[in-house]
Amino acid sequence: MAAPDVVLRPMRPEDLPEVVTLRNEGFLELDRRTLPRSAPEPQPAGDDDNRNWTERTGFVLHHDPRGCWVAEADDQLLGFATSSVRELTWMLHTFVVLPRAQGRGIGRALLEAAMAHGEGCLRGMLSASLDPAAARRYRLAGFSLHPQMMLTGSLDRALLPVVEKVREGTPADIDLMNSIDRQLRGSAHGVDHEWLTTHARLVVSDTTTGSGYAYLHPAGGAQLLAATNRRTAARLLWECLAATPHGRSLTQAHVTAANEWAIDVGVAARLALAPAGYLALRGMKPPAPYLHHGVFG
Ligand SMILES: CC(C)(COP(=O)(O)OP(=O)(O)OC[C@H]1O[C@@H](n2cnc3c(N)ncnc32)[C@H](O)[C@@H]1OP(=O)(O)O)[C@@H](O)C(=O)NCCC(=O)NCCS
């Protein structure tokens, strides 16, 4: 390892308060460095976001303790990586090193430790930031980098179509969702659906011609969407867009080129299209029709 004073060890639940502070510092600095000048001034994460992120990371740590690592020197955390294995897919959740400690090989060591949790997996998946250092690490670790886009803007409700054949989802839909996941991405989300069904609104479309589901983002759009055909996927995305709180500008993230149906929905809704990081994959192609979750893949 490049920095001899730095020790790697498994993350512990009592690290979470320091880990969330580290995450905030790293990503705020990243936003200041990479967001376009036209974007609003980056702000520190709010209390709700921090609480939600901490709870979700505690959930990952509980299910995948061997996938979560911290780098420490002089009793201070300098970086961490959290990851999980679902069936035969390894997923990286969050990966960050304090700005003052970057470029010394700590990120590389953390990524290797987290990836060891996925030894024996056939596939790997992660949603990468705009940081060129991260893209370099992922490519050197054998990932293919698929550019992803986002759709942003204020919704003109006059453009919303009537959406039919979509109903509210419940935990009773988890078997159906796991089966759609396996068709599209090789592995089910499994316990991640237990987390998501208790933390997000779920909508489902299940007809004789196609099935799909979407978890809505509280600020608008879908945080995860999967369907067996494009028509069902588009229907679900329109439902998610329609649920955007009135007067709020929305961001639909994680659209890859393999998902032109989503670009077409965004274009019809007069949202603006822009590049936004990568979907990094090993052993699989970009899933479609699918809008991946930023953390659960
Ligand atoms: C990504 C991150 C975790 C890497 O941690 P790190 O400790 O800096 O990683 P390393 O030092 O092991 O490796 C960084 C590599 O990128 C290179 N690098 C640094 N800045 C770069 C730049 N602007 N362009 C290209 N390469 C760059 C470094 O030289 C190094 O490569 P090398 O080891 O082959 O010389 C860290 O930079 C970070 O926290 N970034 C902000 C948060 C983020 O984007 N996380 C990833 C989310 S998907």
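Of note:
- Residue within region 42-49 that is within 19 Å of the chain's Cα centre (by Cα), surrounded by fewer than 18 Cβ atoms within 10 Å (Cβ to Cβ), in a helix (DSSP H, G or I) and away from the ligand (no atom under 13 Å from the Cβ) present: yes
- Per the listing T232, T209, T256, T251, the residue uniquely in contact with a helix residue (DSSP H, G or I) (Cβ under 8 Å, 6 or more places away or on another chain) and either β-branched (V, I, T) or not assigned by TED's automatic domain parsing to the domain that holds Q183 (or both) is T209.
- Some residue of region 17-33 being modelled with pLDDT of 95 or more and touching a Gly at 6+ places or on another chain (Cβ under 9 Å): yes
- Of all the criteria given as (1) away from the ligand (no atom under 16 Å from the Cβ); (2) at pLDDT 95 or above; (3) surrounded by fewer than 22 Cβ atoms within 10 Å (Cβ to Cβ); (4) not hydroxyl-bearing (S, T, Y), the one not satisfied by R248 is (2).
- Matching entry among D206, D264, D181 (being under 22 Å from F59 (Cα atoms) and acidic (D, E)): D181
- Flag not set for G79, criterion: under 23 Å from L8 (Cα atoms), part of a helix (DSSP H, G or I) and within 9 Å of the ligand (Cβ to nearest atom).
- V7 being more than 24 Å from E194 (Cα to Cα) and at pLDDT 95 or above: yes
- Count of region 134-158 residues which are within 12 Å of the ligand (Cβ to nearest atom) and assigned to a strand (DSSP E or B): 2
- Any pair with Cβ under 9 angstrom, 6 or more apart, that starts in region 79-107 at a residue that is under 14 Å from A188 (Cβ atoms) and ends at one that is in a loop (DSSP other than H, G, I, E, B) and near the ligand (Cβ under 7 Å from one of its atoms): none
- Taking each residue of region 64-76 that is assigned by TED's automatic domain parsing to the domain that holds H117 and looking for partners that are of a type outside the set (D, E) and at pLDDT below 95 with beta-carbon atoms closer than 8 Å, six or more apart or interchain, yields A73/A3.
- For A113, the requirement of being more than 8 Å from the ligand (Cβ to nearest atom) and assigned to a helix (DSSP H, G or I) is met.
The values are calculated or read from the model by the stated rules, or taken from the named source; none is laboratory data. Note that the structure is predicted; figures quoted are calculated from it, not measured. Backbone-built Cβ (ideal geometry, glycine too); neighbour counts: all protein chains shown.
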